[in-house]
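Participant: Before anything else, here's the structure in question.
The values are calculated or read from the model by the stated rules, or taken from the named source; none is laboratory data. Keep in mind that this is a model prediction, so the values were computed, not measured. Quick reminder, even Gly has a Cβ in these numbers, built from the backbone with ideal geometry, and neighbours come from all protein chains shown.
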Amino acid sequence: MLKSQIFALSSIEIAILIALTIPTLWALFSAPFVPTPMKAVRKMLKLANIKEGDKIYDLGCGDGRLVHAASKEYKANAVGFELSPLIFAIAKFLQPFWRSKAKIKFRNFHSQDISDANVVVCYLMPGTLQKMLDKFKTLKKGTRIISYSFKIPGLKLIHEEPRIREQNICPIWVYEI
Ligand SMILES: C[S@@+](CC[C@H](N)C(=O)[O-])C[C@H]1O[C@@H](n2cnc3c(N)ncnc32)[C@H](O)[C@@H]1O
């Protein structure tokens, strides 16, 4: 039944299906969408020591909560990249409710230039963080990288915020280039 339905699709429909499925699976395996609790978002941004106008990137921004909070509460120039089409659509839908100036882009962060970053935030799987290591190392001196939950071995750790079990908050790791 399913097989005959798939064969009944036009080539345009198949192309759309592939175009939606590939980035969804890629994003899912790099880091599935699990939003950071807002309490942890506020902690991460505080630890990032953001100044007005700082460039901040969220690699895999999910619904955009980190970039919106950074833009509204710290007046940062915040950009989030999201590859999963469904999550990106949710983020775009929610954007007007935040009333922030943050930008959310439908992009694979692996292929983005983030060399102007002052702050990078991420909540990614250890294997994905490992793949980003070389790029992180080329960032400007003084750039802060704030990782939620997972460590980034190979970077200079400047602060570790311990897990708070009762509030369901994972550790926060702060690095400086
Ligand atoms: C654990 S969630 C974190 C979401 C958000 N940063 C937060 O803290 O609430 C990771 C997000 O990264 C996205 N993602 C995974 N790989 C990606 C890639 N290569 N490019 C862009 N986004 C990606 C996933 O779709 C998911 O929404």
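Participant: Residue 102 - would you say it is in contact with a helix residue (DSSP H, G or I) (Cβ under 9 Å, 6 or more places away or on another chain), farther than 18 Å from residue 36 by Cα and either without any contact (Cβ under 8 Å) to a residue 24 or more places away in the chain or crowded, with 20+ Cβ neighbours inside 10 Å (or both)? Reasoning before the result, please.
Facilitator: Values: in contact with a helix residue (DSSP H, G or I) (Cβ under 9 Å, 6 or more places away or on another chain): yes; farther than 18 Å from residue 36 by Cα: no; either without any contact (Cβ under 8 Å) to a residue 24 or more places away in the chain or crowded, with 20+ Cβ neighbours inside 10 Å (or both): yes.
Considered against the rule, which asks whether it is in contact with a helix residue (DSSP H, G or I) (Cβ under 9 Å, 6 or more places away or on another chain), farther than 18 Å from residue 36 by Cα and either without any contact (Cβ under 8 Å) to a residue 24 or more places away in the chain or crowded, with 20+ Cβ neighbours inside 10 Å (or both), residue 102 comes out as no.
Participant: Oh, and also: Could you please let me know if residue 80 is modelled with pLDDT of 95 or more, within 9 Å of the ligand (Cβ to nearest atom) and not hydrophobic (A, V, I, L, M, F, W, C)?
Facilitator: yes
Participant: Evaluate the following for residue 86: is it loosely packed, with under 15 Cβ neighbours inside 10 Å and near the ligand (Cβ under 9 Å from one of its atoms)?
Facilitator: Values: loosely packed, with under 15 Cβ neighbours inside 10 Å: yes; near the ligand (Cβ under 9 Å from one of its atoms): yes.
Considered against the rule, which asks whether it is loosely packed, with under 15 Cβ neighbours inside 10 Å and near the ligand (Cβ under 9 Å from one of its atoms), residue 86 comes out as yes.
Participant: Oh, and also: Which count do you get for residues in region 34-59 that are within 8 Å of the ligand (Cβ to nearest atom) and either part of a loop (DSSP other than H, G, I, E, B) or under 18 Å from residue 140 (Cα atoms) (or both)?
Facilitator: So the answer is 5.
Participant: Select from region 13-33 the residues that are without any contact (Cβ under 8 Å) to a residue 60 or more places away in the chain and within 16 Å of residue 123 (Cβ to Cβ) and write down the one among them that is nearest to the ligand (Cβ to nearest atom).
Facilitator: 33
Participant: Those residues that are β-branched (Val, Ile, Thr) and closer than 21 Å to residue 71 by Cβ, I need them from region 104-156; list them, please. Full working, then the answer.
Facilitator: Taking region 104-156 as the starting set, the residues that turn out to be β-branched (Val, Ile, Thr) are 104, 114, 119-121, 128, 138, 143, 145-146, 152.
Answer for region 104-156, where residues must be β-branched (Val, Ile, Thr) and closer than 21 Å to residue 71 by Cβ: 104, 114, 119, 120, 121, 143, 145, 146.
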